[in-house]
Amino acid sequence: MMSPIAPRLTRRAALAAGAALPLAAALRPQLARAAGHAAPAQNAIQHSFTLGDLQVATLLAGTRVVEDPQTIFGLNASAEEFEAASSANFIPTDKARFYFTPTVVNTGSETVLFDTGLSAAGTLPALAAAGYAPEDIDVVVITHMHGDHIGGLMNEGAPTYPNARYVTGQVEFDAWASRENEGFEKNMRPLAEKTTFIGDGGSVASGITGMSAFGHTPGHMAYLLDSGGAQVLLMADTANHYVWSLTHPDWEVRFDMDKAVAAATRRKVLGMVAADRVPLIGYHMPFPGMGYVEARGDGFHYVPTSYQMSL
């Protein structure tokens, strides 16, 4: 039976969080109504399971509907190809729902948060539902520095997670530090002195290892959770849609900064988890964000987890 995460709530868990990044205001995840479909309040914002000695929870920090998704996915595909892939998986081509899913891991000695959402306001309620207050977070890992991953680092000008140390990829930090970016300057640079920079194979904490997964951003990283003979890969934004990024991993994605490298990384990472039958957690996969991958034709197929992690 699934072991629940031990509650560690404090009074601060109930405090309201700060405002979102101005840059991200237009992208703030919102529940919405699509034609003919109601979108009521989300009925789950955290999903917990045990992996060996690790207690893991995925956190729904937000969700929103986007119009005309082929302006984002399959930029190098024809409308007919996009329609065929969508129809085969029972999803429309005119709208898509995006999910924003940080992950929290309790190693027994440290509590590690992977990514922080667009804002503290989105992530803190889900974190509280998993039994954690901001003060409980010992380590914050940033997989990459797009706004929907670093936007919740700061809350009204102060660190959202006051007791945390920070970990991110050296290549990623250096790339953003060398360019002008409001989100990076506001959220990440103030924490540089508290940040440890790692590369491929770098250790975050017991049972957590970094893996280079470049392309989506210059130094984008994935992280392998490994405990008790079981593994889960936190792939972050290696693949951003469970159909369009898996069935056709070479399809270009608007938000991939180096599209050729990102496609090669998708093939490598998805091929690895498919061959080894390792489940993955994807930041933008349908909540709870976790599934298996199988090779199918020239691409891959996503199989959402059911009860495998709760036996």
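The values are calculated or read from the model by the stated rules, or taken from the named source; none is laboratory data. Everything quoted here is computed from the prediction, not taken from an experiment. Cβ coordinates were reconstructed from backbone atoms using ideal geometry, including for glycine residues, and neighbour counts include every protein chain displayed.
For segment 149-162, the criterion of being buried (at least 20 other Cβ atoms within 10 Å of the Cβ), over 16 Å from the mean Cα position of the chain (by Cα) and charged (D, E, K, R) is met by no residue. The residues of segment 263-279 that are closer than 25 Å to S87 by Cβ and within 17 Å of the chain's Cα centre (by Cα), listed by number, are R266, L270.
When residues of segment 201-210 are filtered for being touching an Asp or Glu at 6+ places or on another chain (Cβ under 6 Å) and either in a strand (DSSP E or B) or buried (at least 24 other Cβ atoms within 10 Å of the Cβ) (or both), how many remain? Can you show your working first?
Taking segment 201-210 as the starting set, the residues that turn out to be touching an Asp or Glu at 6+ places or on another chain (Cβ under 6 Å) are 205, 207.
Filter again for either in a strand (DSSP E or B) or buried (at least 24 other Cβ atoms within 10 Å of the Cβ) (or both), leaving 205.
Number satisfying all stated conditions: 1.
Could you please give the count of residues in segment 88-105 that are of a type in the set (S, T, N, Q), surrounded by fewer than 24 Cβ atoms within 10 Å (Cβ to Cβ) and farther than 16 Å from G299 by Cβ? Talk me through it step by step, then tell me what you get.
Residues of segment 88-105 that are of a type in the set (S, T, N, Q), as a first pass: 89, 93, 101, 103.
Restricting the remaining residues to those that are surrounded by fewer than 24 Cβ atoms within 10 Å (Cβ to Cβ) gives 89, 93.
Going one step further and asking which of them are farther than 16 Å from G299 by Cβ, we end up with 93.
Result for segment 88-105: 1.
Identify, please: which residue in segment 48-87 is without any contact (Cβ under 8 Å) to a residue 60 or more places away in the chain and closer than 19 Å to M285 by Cα and is, among those, surrounded by the most Cβ atoms within 10 Å (Cβ to Cβ)? Here the answer is Q70.
Residues that are in a strand (DSSP E or B) and among the acidic types (D, E) within segment 62-120 comprise just one, E67.
Look at (1) modelled with pLDDT of 95 or more; (2) over 30 Å from Y166 (Cβ atoms); (3) not in a helix (DSSP H, G or I); (4) not basic (K, R) and you find that V56 fails only one, number (2). Checking each residue in segment 69-93 for being touching a helix residue (DSSP H, G or I) at 6+ places or on another chain (Cβ under 9 Å) and either under 30 Å from G183 (Cα atoms) or basic (K, R) (or both) picks out P69, Q70, F73, G74, L75, N76.
Within segment 148-155, is even one residue modelled with pLDDT under 95 and in a loop (DSSP other than H, G, I, E, B)? No, segment 148-155 contains no residue that is modelled with pLDDT under 95 and in a loop (DSSP other than H, G, I, E, B).
Scanning segment 220-260 for residues that are crowded, with 24+ Cβ neighbours inside 10 Å, among the small types (G, A, S) and more than 16 Å from V278 (Cα to Cα) yields a single hit, S245. Only a single criterion out of (1) outside any loop (DSSP other than H, G, I, E, B); (2) buried (at least 16 other Cβ atoms within 10 Å of the Cβ) is not satisfied by E193, namely (2).
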